[in-house]
1. Out of region 144-171, which residues are free of Cβ contacts under 8 Å to residues at least 24 places away in the same chain and either closer than 28 Å to Asp116 by Cα or in a loop (DSSP other than H, G, I, E, B) (or both)?
2. Just to verify a result, which residue in region 156-165, among those that are at pLDDT below 80 and surrounded by 15 or more Cβ atoms within 10 Å (Cβ to Cβ), is nearest to Phe39 (Cα to Cα)?
3. Pairs needed: first member in region 6-27, in contact (Cβ under 8 Å) with a residue 60 or more places away in the chain; second member anywhere, part of a helix (DSSP H, G or I) and of a type in the set (D, E, K, R); C-beta distance under 8 Å; at least 6 residues apart or different chains.
4. Please go through region 40-73 and give me each residue that is hydroxyl-bearing (Ser, Thr, Tyr), surrounded by 19 or more Cβ atoms within 10 Å (Cβ to Cβ) and modelled with pLDDT of 85 or more, ordered by number.
5. Please go through region 1-15 and pick out each residue that is more than 16 Å from His93 (Cα to Cα) and not charged (D, E, K, R).
6. Are any of the residues in region 10-22 farther than 21 Å from Ala118 by Cα, surrounded by fewer than 22 Cβ atoms within 10 Å (Cβ to Cβ) and touching a His at 6+ places or on another chain (Cβ under 9 Å)?
7. Scan the helices (runs of 4 or more DSSP H) fully inside region 1-85 and keep the ones with 1 or more residues being of a type in the set (Val, Ile, Thr) and within 12 Å of the chain's Cα centre (by Cα).
8. Restricting to region 134-143, name every residue that is surrounded by fewer than 13 Cβ atoms within 10 Å (Cβ to Cβ) and in contact (Cβ under 8 Å) with a residue 60 or more places away in the chain.
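The values are calculated or read from the model by the stated rules, or taken from the named source; none is laboratory data. Please read all numbers here as calculations on a predicted model, not as lab measurements. Please note: Cβ atoms are built from the backbone with ideal geometry, for glycine as well, and neighbour counts cover all protein chains shown.
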Amino acid sequence: MKSDECLKVLARHHSNQIVIAAYHAAFIWMVIKPGPLNFYAIGAMGQGVSHGLGHALGDPDRQVIVLDGDGSLLMNLGALVTVGAVGPKNLVHFLCENGSYQVNGEHPLPGAEQVDFAAMARAAGYRHVHKIDALDQFESSIASILAADGPTFVDLKLARGEDYPLDYQAMYDPGQRQAMKQELARQRTGAD
């Protein structure tokens, strides 16, 4: 399934969740579902799920979605164990697995053919673990995935989709983080 088609399915089911998007998924998400509750984990490779865990613990009544990359997750496999041990019910961790460091030159991942991220997440203690490699399968299961108590890990087997701009300037814009802080504060106080 193509990465952008898959994330468009998720975007149709996204409501008021915080989305932590790392690297390639971040560039796609920024275009297809812009919003103040997006947090782009760029420049801290491997930290997407750690950022997601922090948000999930800090705001336990709001679902947190992590859009992670396989290259990024390889940099911080220990985070799987931490998530499994803490067990946040509001965390859904999507792994956009394409077998490469896509944004960093599309270099192949070492061991990409034999690594089983879903098995690692299951062994680490994630409550629900899924492997999905077909768009119709994702479309039919996304609602139940988002409705389940987590932590949930979803290994999305992806192929390259449409190209999206690698807009690092927008990604690093401090205004994005400020907008997120303001939106969270507004929703907590109920102010308009």
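1. Ser144, Ala147, Ala148, Asp163 - these are the residues of region 144-171 that are free of Cβ contacts under 8 Å to residues at least 24 places away in the same chain and either closer than 28 Å to Asp116 by Cα or in a loop (DSSP other than H, G, I, E, B) (or both).
2. Tyr164
3. Close Cβ pairs satisfying both conditions: Val9/Glu139.
4. Scanning region 40-73 gives a single hit, Tyr40.
5. Met1, Ser15
6. no
7. Working: elements: 3-13, 23-32, 48-58, 70-74.
Qualifying helices (runs of 4 or more DSSP H): 23-32, 48-58.
8. The initial filter retains those residues of region 134-143 that are surrounded by fewer than 13 Cβ atoms within 10 Å (Cβ to Cβ), namely 134, 136, 140, 143.
The answer is Ala134, Ala143.
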